[in-house]
Amino acid sequence: MISAPALLRDLLRCPSVTPADGGAQAVLIAALEGLGFTVTKLRFGEIENFFAERPGPGKHLCFAGHTDVVPPGEGWSHDPFAAEEEQGVIFGRGAVDMKGGIAAFVAAAAQTPGHVSLLITGDEEGEAEDGSVRVLAWLAAQGIRPDFCVVGEPTSRARLGDVVKIGRRGSLNARLTVHGRQGHAAYPHLADNAVHKFLPLLTALANARLDEGTDAFEPSTLQITSVDVGNAVTNVIPGSATARLNIRFNDLHSGASLTAWLGEAIARHAPGADLQVSVSGESFRSPPSDGLAALLRAVERVTGLAPEQNTGGGTSDARFIARYCPVAEFGLVGATMHKVDEAVPVADLLTLTEIYKALIAEVCA
Ligand SMILES: [Zn+2]
């Protein structure tokens, strides 16, 4: 019998900081093969990934997750890779994001019949280029299309079961550079101050209201994250200035529409400024599906909570999966994710196992 806490401890002891795997996927593969899963290892570049599938009754339920973790950083009260337990709480980098979710799903699959698969990547916290995107392309080439996919990210906010994510905002980063002409501060008529040229544009961007939000999404937001002149002295008028910004956007926008909007703002407020854009994820929203309904019922049956359906937070691999099949995200309470002393209560692992069991039973009925 596989228990989620025991499997989680084994996974936490593998230091799988992206792109390293640290032996984490071998731990999972051994457990899954013991449960009758057929495992296909899918290494792309330096990234380990795998797809594991077990035949069974009912519709095909896929669980998607990542074994990689963010670096632990300094200041932990417990070794981040020792899986120490104190008063019913297990500490370790990845405890909630998201080795705990994976362990709970494997334990649930061990106890519940059904046509179940796992899509496991080692590249979610990094560039995400050699992970889920490529595994999904491989699945499509094999003609495998799950009926529903649940991503085990830590979506719960205050209590396990209070939030299910049905979409995510997109994220765009831009770098703006305004050019002027350097000169002596005492002779401004001979110079062209890049900062002065920049201010109207920065003010317009900082004050912009992109939208009012929708029924599923918060309003989109723009944050200027850096303004850089690099001027070490007091008597030089700067010849150029650079700023960076990040936009978190809902499905009223796309990376392309926002790039065009930034171009218009430049033309109006600082003509000639350079613009470089990188879109790290488009927004998406999962349409209602049988799988989502089953997930909501499973959460409510086990926890008594009617989960809020929400689209907040950063990007996740669900944005890639949404192009292939219906998807939603549900997992542990994320309060400690990416933080010092990341930790999960054993009780939450056991409850999450019960929820995933109920989900498998619903989808694979
Ligand atoms: Zn995660």
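The values are calculated or read from the model by the stated rules, or taken from the named source; none is laboratory data. Note that the structure is predicted; figures quoted are calculated from it, not measured. Heads up, the Cβs are rebuilt from the backbone with ideal geometry, glycines too, and the neighbour counts pull from every protein chain shown. Each accessible area value is taken on the protein alone, full model and side chains, heavy atoms only, with ligands, DNA and RNA left out. Shrake-Rupley method; radii C 1.70, N 1.55, O 1.52, S 1.80 Å.
Give the residues of segment 336-353 that are touching a residue at least 40 places away in the same chain (Cβ under 8 Å), within 26 Å of GLY73 (Cβ to Cβ) and not acidic (Asp, Glu), sorted by residue number. Steps first, please.
Within segment 336-353, the subset touching a residue at least 40 places away in the same chain (Cβ under 8 Å) is 336-338, 340-353.
When the remaining residues are screened for being within 26 Å of GLY73 (Cβ to Cβ), the result is 336-338, 340-346, 348-349, 352.
Across segment 336-353, the qualifying residues are THR336, MET337, HIS338, VAL340, ALA343, VAL344, PRO345, VAL346, LEU349, LEU352.
Within segment 2-29, how many residues are polar (S, T, N, Q) and at positive phi?
Of segment 2-29, the ones polar (S, T, N, Q) are 3, 16, 18, 25.
Those still in the list that are at positive phi too: none.
Residues flagged as polar (S, T, N, Q) and at positive phi within segment 2-29 amount to 0.
If VAL133 meets every condition in (1) surrounded by fewer than 23 Cβ atoms within 10 Å (Cβ to Cβ); (2) closer than 22 Å to ALA343 by Cα; (3) within 16 Å of the ligand (Cβ to nearest atom) apart from one, which number is that one?
(2)
Every residue, every condition in (1) under 22 Å from GLY92 (Cβ atoms); (2) open to solvent by less than 10 Å² (accessible area, probe 1.4 Å); (3) at pLDDT 95 or above, yes or no:
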{"residue": "LEU296", "(1), (2), (3)": "no, no, yes"}
{"residue": "ALA306", "(1), (2), (3)": "no, no, yes"}
{"residue": "ASN310", "(1), (2), (3)": "no, no, no"}
{"residue": "LYS339", "(1), (2), (3)": "yes, no, yes"}
{"residue": "LEU349", "(1), (2), (3)": "yes, yes, yes"}
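Given the conditions (1) out of contact with any helix residue (DSSP H, G or I) (no Cβ under 9 Å at 6 or more places or on another chain); (2) within 16 Å of the ligand (Cβ to nearest atom); (3) more than 28 Å from ALA110 (Cα to Cα), and given that GLU308 satisfies all but one, which numbered condition is not satisfied?
Only one criterion in (1) out of contact with any helix residue (DSSP H, G or I) (no Cβ under 9 Å at 6 or more places or on another chain); (2) within 16 Å of the ligand (Cβ to nearest atom); (3) more than 28 Å from ALA110 (Cα to Cα) is unmet by GLU308, namely (2).
Out of the residues in segment 145-196 that are among the acidic types (Asp, Glu) and within 19 Å of the chain's Cα centre (by Cα), state the one that is surrounded by the fewest Cβ atoms within 10 Å (Cβ to Cβ).
Taking the candidates together, the pick is ASP162.
Within segment 107-120, is there a residue that is within 16 Å of the ligand (Cβ to nearest atom), surrounded by fewer than 21 Cβ atoms within 10 Å (Cβ to Cβ) and in a loop (DSSP other than H, G, I, E, B)? Before you say what the answer is, go through the steps one by one.
To start, the set of residues in segment 107-120 that are within 16 Å of the ligand (Cβ to nearest atom) comprises 118-120.
Then keep just the ones that are surrounded by fewer than 21 Cβ atoms within 10 Å (Cβ to Cβ); that gives none.
Within segment 107-120, none of the residues are within 16 Å of the ligand (Cβ to nearest atom), surrounded by fewer than 21 Cβ atoms within 10 Å (Cβ to Cβ) and in a loop (DSSP other than H, G, I, E, B).
Where residues in segment 16-44 are of a type in the set (Gly, Ala, Ser) and open to solvent by 60 Å² or more (accessible area, probe 1.4 Å), which of them is farthest from SER3 (Cα to Cα)?
First, pick out the residues of segment 16-44 that are of a type in the set (Gly, Ala, Ser): 16, 20, 22-24, 26, 30-31, 34, 36.
Filter again for open to solvent by 60 Å² or more (accessible area, probe 1.4 Å), leaving 26, 30, 34.
Numbers: ALA26: 17, ALA30: 14, GLY34: 14 Å.
Among them, the one singled out is ALA26.
Kindly provide the set of residues from segment 315-333 that are within 15 Å of the ligand (Cβ to nearest atom), assigned to a loop (DSSP other than H, G, I, E, B) and either hydrophobic (A, V, I, L, M, F, W, C) or at pLDDT 95 or above (or both), ordered by number.
PHE330, GLY331, LEU332
In segment 223-247, what residues are closer than 15 Å to SER280 by Cβ and open to solvent by less than 20 Å² (accessible area, probe 1.4 Å)?
Taking segment 223-247 as the starting set, the residues that turn out to be closer than 15 Å to SER280 by Cβ are 223, 225, 244-247.
Selection gives LEU245, ILE247.
Conditions (1) surrounded by fewer than 19 Cβ atoms within 10 Å (Cβ to Cβ); (2) of a type in the set (Val, Ile, Thr); (3) over 25 Å from HIS60 (Cα atoms); (4) over 21 Å from the mean Cα position of the chain (by Cα), marked per residue:
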| position | (1), (2), (3), (4) |
| --- | --- |
| PHE249 | no, no, yes, no |
| LEU252 | yes, no, yes, no |
| ALA260 | yes, no, yes, yes |
| ASP274 | yes, no, yes, yes |
| VAL277 | yes, yes, yes, no |
| ARG285 | yes, no, no, no |
| ASP290 | yes, no, no, yes |
| ALA293 | yes, no, no, yes |
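Scan the strands (runs of 3 or more DSSP E) fully inside segment 1-71 and keep the ones with 2 or more residues being of a type outside the set (Phe, Trp, Tyr) and out of contact with any Leu (no Cβ under 9 Å at 6 or more places or on another chain). Lay out the reasoning, then the answer.
Numbers: elements: 38-41, 49-54, 61-66.
So the answer is 38-41.
Scan GLY161, GLY213 and give me the residue that is farther than 16 Å from GLY230 by Cα and free of Cβ contacts under 8 Å to residues at least 40 places away in the same chain. Walk me through how you get there before you give the answer.
Values: GLY161 fails: free of Cβ contacts under 8 Å to residues at least 40 places away in the same chain.
After ruling out the rest, the residue left standing is GLY213.
Among the listed residues ILE2, ILE29, which satisfies the condition of being over 21 Å from ASP123 (Cα atoms) and either without any contact (Cβ under 8 Å) to a residue 24 or more places away in the chain or of a type in the set (A, V, I, L, M) (or both)?
On the way: ILE29 fails: over 21 Å from ASP123 (Cα atoms).
Being over 21 Å from ASP123 (Cα atoms) and either without any contact (Cβ under 8 Å) to a residue 24 or more places away in the chain or of a type in the set (A, V, I, L, M) (or both) holds for just one of ILE2, ILE29, which is ILE2.
Anything in segment 191-228 that is among the basic types (Lys, Arg) and either touching a strand residue (DSSP E or B) at 6+ places or on another chain (Cβ under 8 Å) or part of a helix (DSSP H, G or I) (or both)? List them, or say none.
So in segment 191-228, the residues among the basic types (Lys, Arg) come out as 197, 209.
Matches in segment 191-228: LYS197 only.
Within segment 138-150, identify whether any single residue is touching a Ser or Thr at 6+ places or on another chain (Cβ under 8 Å), closer than 28 Å to THR225 by Cβ, part of a strand (DSSP E or B) and not hydroxyl-bearing (Ser, Thr, Tyr), and answer yes or no.
no
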